[in-house]
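What follows is a single structure, written as structure tokens, with notes after it.
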Amino acid sequence: MNYLDELNPEQQKAVLHKTGPLLILAGAGAGKTRTITYRILHLIKQGIAPENILAVTFTNKAAKEMKERVLELINQDKELNLPITFHNQPFIKTFHSLGVYILRENFREVNIPKNFSILDKNDAQKIIKDIVVSLDLDPKQYEPKKILGLISRQKGKFITASTFEDRISHSSQHGSEFLLKITAKVWKQYEETLQKESSLDFDDLLLKTAVLLQTNKEVLEKYQNRWQQIHVDEYQDTNKVQYKIAQLLSKKHQNICVVGDADQNIYSWRGANIQNILNFEKDFKKAQTILLEENYRSSKNILNAANEIIQKNSQRQEKNLFTKNSEGEKIGIYLAYNEGDEANFVAQKCKTLINEENVSPKEIAVLYRTNFQSRVLEEAFLNNNVPYQVLGTKFFDRKEIKDIIAYLKVSLNPQDLTSLKRTINTPARGIGKVTLAKIVTDQENELSPTVKIKVQAYRDVLSNIQKNSETLKPSDLIKFIISESGVAEQYKRGTEDDLERLSNMKELVSLAVKYDSIPLGEGLEKLLEEVALTSDQDEMDKDTGAVKLMTIHAAKGLEFDNVFITGLEDGLFPSKMMAENSTERSEEERRLFYVALTRARKKLFLSYTSMRTIFGSRRSNTVSEFITDIPESLLEYTDAGEESLSQDDEEKIQYLEW
């Protein structure tokens with residue numbers, strides 16, 4: 001069968017388009033990944049070399065799925081007969097991975113070593129805190145997390161430390177302006193620290209890439225010639241610096257295809273600029289626009305509710321999703337007395353779905369607006385003996401994993417003082433803070449002979465790791481680090497937590513195996529890149545056989561048969577803090593609800609409470625406008641049943657009787 005026959009007419013148009021700018025407005029569940037992958041296949045069949053095709057997206061999970069689909073399509077196409085190797089395949093990565101790739105290839109041009117370290121947010125915050133303290137400022141007043149967030153937003157706007165300093169140098173010394181001046185001072189020292197440690201943070205991976213492409217014509221031309229067909233997924237989520245990278249790379253050939261949906265722009269708080277997709281046809285002259293409106297995911301009832309919700313927004317490109325799927329069940333509504341009642345309803349309904357309707361736990365998701373809502377939900381799932389997984393705790397954030405990775409990073413990059421500080425006394429070697437301070441400030445000659453022996457023993461460990469990195473495969477090197485460092489030894493006491501940490505380290509070895517077939521140096525680089533750039537969604541790859549609990553933001557791009565959306569109360573969702581006095585933020589809250597609705601294939605449950613305790617204060621609630629915006633004909637009110645009442649919950653019983 002012709003592969004084009006597997007596409008609807010609009011998808012076919014997108015796949016057959018070859019030259020010039022193309023905007024694909026793809027509604028939720030409209031088969032955008034299929035469209036991009038078939039488009040890449042078609043370009044190759046039309047004579048475009050695979051290595052001349054670039055596709056970038058936002059999560060490792062999305063990039064992995066897209067790459068696997070593309071390679072599968074190429075391998076299945078008998079007409080092509082194209083053997084794909086490591087070096088002649090389409091370049092399909094996240095924006096951050098693209099940045100790492102370009103910076104490592106051009107490390108001399110950006111004045112950093114090729115094996116630079118990538119800081120995670122926790123390590124970056126520690127550096128900021130040390131700088132704040134060194135400036136005799138109170139980190140409680142000048143919170144490192146807020147300062148790092150401000151720096152991050154500026155980098156996302158394509159603003160460097162020196163540009164930022166220039167802009168605020170003549171401003172006043174009062175209020176927020178004073179905070180900006182403090183931030184400029186901290187940022188300057190932060191840059192100096194990263195330079196000294198041969199490290200970059202997440203935002204540098206994009207900012208330095210964009211600056212390099214803009215200022216170095218030879219480098220820019222090299223990549224323009226290499227990637228003559230460019231695809232950008234989730235274009236509505238791009239910030240200014242990502243927009244700049246895409247614009248620079250595509251400037252020569254103008255063969256840029258962006259796929260996105262303004263209705264799913266939910267990340268303005270981290271710099272995503274909805275105007276990038278709204279203005280695409282202005283930015284790229286002679287652009288063709290194709291609408292993908294047929295939804296393959298959700299039932300008609302769910303889709304009708306989503307359309308009703310999003311049509312109230314003004315900042316959007318007009319489209320109306322439709323589906324050939326069945327009418328489906330009505331959307332369930334549950335009015336709970338308080339958050340405990342709501343959580344118990346959700347847990348028990350999940351238990352019923354699993355035990356009585358044979359629904360797989362992994363096909364159930366419980367979504368909430370803010371992280372604090374998860375605590376009471378977890379408690380209810382534990383009490384009802386329902387397996388669950390909270391999305392948000394990343395494997396690579398676990399202490400023992402960060403310890404092993406830090407050993408690898410500092411052995412390959414001796415300037416990485418952040419990793420040195422983490423490992424020098426892990427496990428305990430009797431090296432205290434005073435000794436560490438002298439090591440960091442190059443005053444080791446002042447150490448006592450006994451301490452010097454301890455420090456040298458640590459350096460010998462790093463030296464042995466570095467030597468073995470030249471001959472051992474990544475998985476064998478991780479095994480060597482676990483043994484050589486002594487980290488595993490401290491967990492052999494046999495407590496339950498210790499055994500779990502040992503198991504996690506073994507899991508790290510298993511994970512590293514997939515890099516064993518890559519040339520030694522590249523394999524380690526790829527491993528460290530995955531560690532640094534992994535996201536919460538990557539935990540989804542592990543089938544835990546459990547109900548997923550997560551924020552709506554974390555659910556973006558995912559889909560489930562059954563979805564619960566909790567906390568639909570005015571002030572909580574839509575968020576009062578986000579929506580108050582701002583039309584743009586109010587519309588983003590509505591887009592967030594639209595995203596939540598369209599995660600569901602078969603059944604949706606919406607719940608809200610009459611009472612909720614927030615920050616220790618109990619408050620009465622009114623129902624969210626989002627629920628009242630859904631036509632009554634699509635809704636059915638759900639009764640939790642008497643089993644949801646605790647025997648000692650007299651207050652709730654009185655409320656229900658009233």
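When every residue of the range 433-440 is checked against the conditions, none turns out to be of a type in the set (S, T, N, Q), buried (at least 19 other Cβ atoms within 10 Å of the Cβ) and outside any helix (DSSP H, G or I). Selection of the range 376-399 for residues being under 22 Å from the mean Cα position of the chain (by Cα) and part of a helix (DSSP H, G or I) yields Phe395, Phe396, Asp397, Lys399. Would it be correct to say that Phe202 is open to solvent by 10 Å² or more (accessible area, probe 1.4 Å), touching a residue at least 60 places away in the same chain (Cβ under 8 Å) and of a type outside the set (A, V, I, L, M)? Yes: the conditions hold for Phe202. Restrict the check to the range 365-375 and report whether at least one residue is in a helix (DSSP H, G or I) and of a type in the set (A, V, I, L, M). No, every residue in the range 365-375 fails to be in a helix (DSSP H, G or I) and of a type in the set (A, V, I, L, M).
Yes/no per residue for (1) open to solvent by less than 10 Å² (accessible area, probe 1.4 Å); (2) of a type in the set (Lys, Arg); (3) at pLDDT 95 or above; (4) outside any helix (DSSP H, G or I):
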residue	(1), (2), (3), (4)
Tyr142	no, no, no, yes
Gln173	no, no, no, yes
Leu180	no, no, no, no
Tyr190	yes, no, yes, no
Thr209	yes, no, yes, no
Gln214	no, no, yes, no
Glu221	no, no, yes, no
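Counting just the residues of the range 1-16 that are open to solvent by less than 20 Å² (accessible area, probe 1.4 Å) and in contact (Cβ under 8 Å) with a residue 40 or more places away in the chain, which one comes out farthest from Ser298 (Cα to Cα)? Among those that are open to solvent by less than 20 Å² (accessible area, probe 1.4 Å) and in contact (Cβ under 8 Å) with a residue 40 or more places away in the chain, it is Ala14. Checking each residue in the range 315-342 for being open to solvent by less than 40 Å² (accessible area, probe 1.4 Å) and in a strand (DSSP E or B) picks out Ile331, Gly332, Ile333, Tyr334, Ala336.
The single condition among (1) more than 24 Å from Asn52 (Cβ to Cβ); (2) part of a loop (DSSP other than H, G, I, E, B); (3) free of Cβ contacts under 8 Å to residues at least 40 places away in the same chain that Lys252 does not satisfy is (1). Exactly one residue out of Ala55, Ala28, Ala62, Ala49 is under 20 Å from the mean Cα position of the chain (by Cα), open to solvent by less than 50 Å² (accessible area, probe 1.4 Å) and within 17 Å of Leu249 (Cβ to Cβ): that is Ala55.
For every residue, the table says whether it meets (1) more than 25 Å from the chain's Cα centre (by Cα); (2) not in a helix (DSSP H, G or I); (3) not basic (Lys, Arg).
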| residue | (1), (2), (3) |
| --- | --- |
| Ile230 | no, yes, yes |
| Val241 | no, no, yes |
| Leu248 | no, no, yes |
| Thr289 | yes, yes, yes |
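Residues in the range 488-516 that are of a type in the set (Phe, Trp, Tyr) and within 25 Å of the chain's Cα centre (by Cα): Tyr515 only.
Restricted to the range 395-413, and to residues that are within 18 Å of Asp498 (Cα to Cα) and open to solvent by 20 Å² or more (accessible area, probe 1.4 Å), which residue is modelled with the highest pLDDT? Once the filter is applied, the top-ranked residue is Lys402. Output the residues belonging to the range 476-487 that are hydrophobic (A, V, I, L, M, F, W, C) and crowded, with 20+ Cβ neighbours inside 10 Å. Residues satisfying the conditions are Leu477, Ile478, Ile481, Ile482, Val487.
Of all the criteria given as (1) open to solvent by 70 Å² or more (accessible area, probe 1.4 Å); (2) within 19 Å of the chain's Cα centre (by Cα), the one not satisfied by Asp136 is (2).
In the set (1) of a type outside the set (Phe, Trp, Tyr); (2) out of contact with any Ser or Thr (no Cβ under 9 Å at 6 or more places or on another chain); (3) at negative phi, the condition left unmet by Leu377 is number (2).
For the range 144-161, residues that are assigned to a helix (DSSP H, G or I), free of Cβ contacts under 8 Å to residues at least 60 places away in the same chain and either open to solvent by less than 30 Å² (accessible area, probe 1.4 Å) or touching a Ser or Thr at 6+ places or on another chain (Cβ under 8 Å) (or both) total 8. Does Ala640 meet the test of being at pLDDT 95 or above, surrounded by 17 or more Cβ atoms within 10 Å (Cβ to Cβ) and not in a strand (DSSP E or B)? The answer is no for Ala640. Check Phe372, Phe345 and return the single one that is open to solvent by 40 Å² or more (accessible area, probe 1.4 Å) and hydrophobic (A, V, I, L, M, F, W, C). Just a single option satisfies the conditions, and that option is Phe372. Scanning the range 308-364 for residues that are out of contact with any Asp or Glu (no Cβ under 9 Å at 6 or more places or on another chain) and closer than 20 Å to Tyr296 by Cβ turns up Asn325, Ser326, Glu327, Gly328. Residues that are of a type in the set (Asp, Glu), modelled with pLDDT of 90 or more and either out of contact with any strand residue (DSSP E or B) (no Cβ under 6 Å at 6 or more places or on another chain) or crowded, with 17+ Cβ neighbours inside 10 Å (or both) do occur in the range 612-629.
Residue-wise test of (1) among the polar types (S, T, N, Q); (2) crowded, with 16+ Cβ neighbours inside 10 Å; (3) at pLDDT 90 or above.
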site: Val451; (1), (2), (3): no, yes, yes
site: Ser469; (1), (2), (3): yes, yes, yes
site: Glu489; (1), (2), (3): no, no, no
site: Leu502; (1), (2), (3): no, yes, no
site: Val531; (1), (2), (3): no, yes, no
site: Asp536; (1), (2), (3): no, yes, no
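Selection within the range 1-53: residues that are part of a loop (DSSP other than H, G, I, E, B) and aliphatic (A, V, I, L, M). The member of this set that is farthest from Tyr235 (Cα to Cα) is Met1. Scanning the range 282-307 for residues that are open to solvent by 40 Å² or more (accessible area, probe 1.4 Å), over 15 Å from Ala28 (Cβ atoms), in contact with an Asp or Glu (Cβ under 8 Å, 6 or more places away or on another chain) and not polar (S, T, N, Q) returns no hits.
Looking across the range 255-269, the residues that are assigned to a helix (DSSP H, G or I) and either among the hydrophobic types (A, V, I, L, M, F, W, C) or over 18 Å from the mean Cα position of the chain (by Cα) (or both) come down to Ala262, Asp263, Trp269. Of the residues examined, Ala124 is not one that is small (Gly, Ala, Ser), on the phi < 0 side of the Ramachandran plot, buried (at least 16 other Cβ atoms within 10 Å of the Cβ) and over 23 Å from the mean Cα position of the chain (by Cα). Among the residues of the range 250-286, write down those that are under 23 Å from Lys208 (Cα atoms) and touching a Leu at 6+ places or on another chain (Cβ under 7 Å). Val258 - this is the single residue of the range 250-286 that is under 23 Å from Lys208 (Cα atoms) and touching a Leu at 6+ places or on another chain (Cβ under 7 Å).
The helices (runs of 4 or more DSSP H) located wholly in the range 446-523 that include 1 or more residues which are under 15 Å from Ala428 (Cα atoms) occupy 449-469, 474-485.
The values are calculated or read from the model by the stated rules, or taken from the named source; none is laboratory data. Bear in mind that the values here come from a model prediction, so they are computed numbers and not experimental data. No Cβ is skipped: glycine too gets one built from the backbone with ideal geometry, and neighbour counts run over all protein chains shown. The protein model used for the area step is the full one, side chains on, heavy atoms only, and it has no ligands, DNA or RNA in it. Shrake-Rupley method; radii C 1.70, N 1.55, O 1.52, S 1.80 Å.
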